[in-house]
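The next block holds one structure in the form of structure tokens; read it before the comments.
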Amino acid sequence: MRRRFILGGGLLLGVVLLLAACSDRGGDASEPCVAVGESGTCAVDGYPDRPYLAFVPTGYDGGPVPVVVELHGGGGKADPTSTCPRGDVDDPLCLHGVGEAEGFVTVYPNGYSPRSLLALRTWNAGGGVGGWNCSSGKSCENGIDDVAYLDAVLGDLSRRLNVDSSRVYVTGLSNGAAMSHRLACERSDVFAAIVAVAGSNQYSTGADCSPSRPVPVMQIHGTDDPCWTFDTSGRACLTSQDLKLGAVESAEVWARTNGCGSGTDGPIVDDQPDRTAVQRRTWSRCDGGVEVVVLSVIGGGHTWPNGDPGLGRIAGEISTEIDSSTVWRFMKQWSIG
């Protein structure tokens, strides 16, 4: 069934993209699943219970278009709500709202669930050895190949759209953030840059993270995050878990991997009437001219910047100092080739 959201105040109803039909046959374009200026749910060949949600900007004219893949948190599903202020999917500061304004396609895939009718989906982001948390859930425990699934999502999208393969990016929240790190380790030839929100490079705790090229990485992490703590720890807001790699420790892994110099701190920014502030630490002088960045959301919780509260009070403070446009501003600096 098609889902429709009004993006940026306009739709080109007469122009339809040849994307996958909403059936088990991901390659069948006889029934288009999304139109220009709209959203649609598109099937993936070989993954009948894991369709993805796509948002195509009104300005798409068939030319090469950038793509941002957003990976939901553990226990979530393909849903843009977490990136939206107050959960309002029509707000222009949702990630797909920024895509409408900036001209990129936004893709929300579905994680794995052992029961396809449940929304409690997770990503196999790695870890699970030597006392490190297995991120996350049944996907990690069952060794699900989520990298292959996301290859299939992008393959399907690329058959239907003129994807600019030099400008494909990935971001995510929590378990989805950790999966973004894994993709940077294993698919650096696909993703030009990553932005990880409230989740670190757990993959590197149990496997060799050896990207084929230097990868630009931004981490956005609340200092008061109760679910994935800012510093390495085993504390979590919902259950008792093994160690999760902290934000700065994770960035230092990337700084070493990318051959960067030492990190430098910028000023603390506190421009909004909320209970948070933001400080940027940047590792520059990296191989390939890339950067590694941590945005420390001082007083921030386990949330997308200026996004939906999700877990409510459990998650902590939502910062309005930054938002989804911050994610895109970092990504768009980088391309492959």
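Values quoted throughout were computed directly from the atomic coordinates according to the rules given, and no laboratory measurement underlies them. None of the values given here were measured: they were computed from a predicted structure. Neighbour counts run over all protein chains shown; Cβ positions are idealised from the backbone, glycine included.
Cα centroid distance between the range 204-219 and the range 179-195, in Å?
A separation of 7 Å, based on Cα centres.
Taking springs between alpha-carbon atoms closer than 10 angstrom, which of Ala198, Ala184, Ala35 fluctuates most in the Gaussian network model of the chain?
In the Gaussian network model the winner is Ala35.
Classify the range 66-206 as rounded, prolate or oblate, taking a ≥ b ≥ c as the square roots of the eigenvalues of its Cα gyration tensor: rounded when a/c is under 1.5, otherwise prolate if a/b is larger than b/c and oblate if not.
Since a/c reaches 1.5 and a/b is larger than b/c, the shape of the range 66-206 is classed as prolate.
If I stretch the segment between Val269 and Cys237 completely, what's the gain in nm (0.36 nm per residue apart, minus their alpha carbon distance), one decimal?
8.8 nm
Where q = 0.09, 0.15 Å⁻¹, what log10 of I(q)/I(0) comes from the Debye formula for the chain, counting one point per Cα?
Values returned for q = 0.09, 0.15 Å⁻¹ are -0.42, -1.25.
Relative to a virtual label point 7 Å from the Cα of Gln279 in the Cα→beta-carbon direction, which members of the range 290-334 show backbone nitrogen distances below 11 Å?
In the range 290-334, the label zone of Gln279 (backbone N under 11 Å from the point 7 Å along Cα→Cβ) covers 296-299.
Run the numbers on the range 82-179 and let me know its relative contact order in percent, using alpha-carbon pairs under 8 Å that are six or more apart.
20
If the elastic network links every pair of Cα atoms under 10 Å, which of Ile194, Ile322, Ile220 fluctuates the most in the Gaussian network model of the chain?
Highest fluctuation of the listed residues: Ile322.
Please report the spacing between the Cα centers of the range 72-89 and the range 224-293 in Å, no decimals.
Answer, in whole Å: 22.
What is the antiparallel percent of DSSP beta bridges lying wholly in the chain, to the nearest 5?
50
Name the residues of the range 163-187 whose amide N is less than 18 Å from a point 7 angstrom out from the Cα of Ser210 along the C-beta direction?
182-187
With a cut-off of 8 Å between alpha carbons and a minimum separation of six or more residues, what is the relative contact order of the range 47-106 in percent?
45
Roughly how big is the range 39-331's charge dipole about its Cα centre, with Cβ charges of +1 (Lys, Arg) and -1 (Asp, Glu), in debye to the nearest 20?
Rounded to the nearest 20 debye, it is 480 debye.
Relative to the longest principal axis of the chain, what angle (0 to 90°, nearest 10) does the C-alpha long axis of helix 175-186 take?
Between helix and principal axis, roughly 90 degrees.
Would you work out the relative contact order for the chain, in percent, from Cα pairs under 8 angstrom that are 6 or more residues apart?
With pairs under 8 Å counted, the relative contact order is 15 percent.
On C-alpha positions alone, give me the angle between the axis of helix 247-257 and the longest principal axis of the chain, in degrees, nearest 10.
Compared with the principal axis, the helix lies near 80 degrees.
Compare Thr58, Thr276, Thr264 in a GNM of the chain, Cα atoms joined below 10 Å, and give the one with the largest fluctuation.
Residue with maximal mean-square fluctuation among Thr58, Thr276, Thr264: Thr264.
Taking a cut-off of 19 Å between Cα atoms, list the lysines near Lys138, but don't count ones fewer than 8 places away on the same chain.
The reachable lysines, counting only those whose Cα sits under 19 Å from Lys138, are Lys77, Lys244.
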